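Below you'll find the structure, written out as structure tokens, and then a few comments.
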Amino acid sequence: MKRRFTAVIPSRSIEERRTKAFKTNPTDTSEVIPSDTEAAISYVKRLFPASLGPPIVLQHQLYSLLEDKTSVDKEIISLKDDCKLRIIKLETSSDDYALISHEDYVSTVTSSLRSRKGEHLVDKALEILIDCVDVTVSKEKLTKDFKLTDKDISLLVISGVLVLKEIDGESRVWWFSLPGISSFKKDFIKGRSAILQIMKRLKYKEILQNDLEKKKLSGTVLPMEYFVLDIIGSETVESIDTSSGPLLRLLE
């Protein structure tokens, strides 16, 4: 079983990482360094290649940039409830949740429905997305509250908006999904596997973060830093402050 804990990192190291993450111009010492969740989301989004579709941020990546996980989670919930952010459960891991801007999500859903002759469902889908902000939705809610037919629901599934989560007798529950997200998932799985292989091949299974970020990953268009934030935030590695910068040590 993987051991999980939060590394204790001195404030100086945290501030250095925040400077890197949030400063538009790192050489401008007069610039204010924000430390809020929205700023962290914007930073990770800038790492995301356009070829994979709308920018996807993993919730735990934010934990590698911001010290207070509780505040991060609370702000994410607030952004979700205000329809500024959409949370998607990924099948890559039980702990992987993707964050997508509500605007990007609506645009992608609309395009997917229209490409599959689902124009008649666009307005209804937008109503559902505004009313249902959680990661799942039940068949009962779709049929009773929004008057969707089985054919309508099937079209949402085919369009990549819904993925079946579970069936309990006559009751069905779907995850909300992002149309076209499979390209990202394939790329992400390859990259995550590649960075873990790099860590496992190291003599002591540890490396300075700066040195790791200089290495090349094969099989993915996502940058190395995207995966460094992933393995730190998910506590796959322990981050230890040293005089040479953060040292990343793989946890068994």
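The values are calculated or read from the model by the stated rules, or taken from the named source; none is laboratory data. Predicted, not measured: the structure shown is a model, and the values here were computed from it. Because the Cβ atoms are built from the backbone with ideal geometry, glycine has one as well, and the counts that use them run over all protein chains shown.
Sort through Val109, Val133 and tell me the only one that's in contact with a Cys (Cβ under 7 Å, 6 or more places away or on another chain), not in a strand (DSSP E or B) and not polar (S, T, N, Q).
Going through Val109, Val133 in turn, just one is in contact with a Cys (Cβ under 7 Å, 6 or more places away or on another chain), not in a strand (DSSP E or B) and not polar (S, T, N, Q): Val133.
One line per residue, one yes/no per condition, for (1) among the hydrophobic types (A, V, I, L, M, F, W, C); (2) without any contact (Cβ under 8 Å) to a residue 60 or more places away in the chain; (3) within 30 Å of Ile189 (Cβ to Cβ):
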position: Ser78; (1), (2), (3): no, yes, no
position: Val122; (1), (2), (3): yes, yes, no
position: Ile130; (1), (2), (3): yes, yes, no
position: Ser154; (1), (2), (3): no, yes, yes
position: Val161; (1), (2), (3): yes, yes, yes
State whether the residues of the stretch 144-155 include one that is outside any strand (DSSP E or B), touching a strand residue (DSSP E or B) at 6+ places or on another chain (Cβ under 8 Å) and more than 30 Å from Tyr43 (Cα to Cα). yes
Of all residues in the stretch 181-240, how many are in a strand (DSSP E or B), touching a residue at least 60 places away in the same chain (Cβ under 8 Å) and either among the charged types (D, E, K, R) or outside the structural domain of Phe48 (by TED's automatic domain parsing) (or both)? 1
Considering each of Asp95, Asp123, Asp68, Asp81 in turn, give the residue that is surrounded by fewer than 16 Cβ atoms within 10 Å (Cβ to Cβ) and closer than 18 Å to Tyr226 by Cα. Asp95
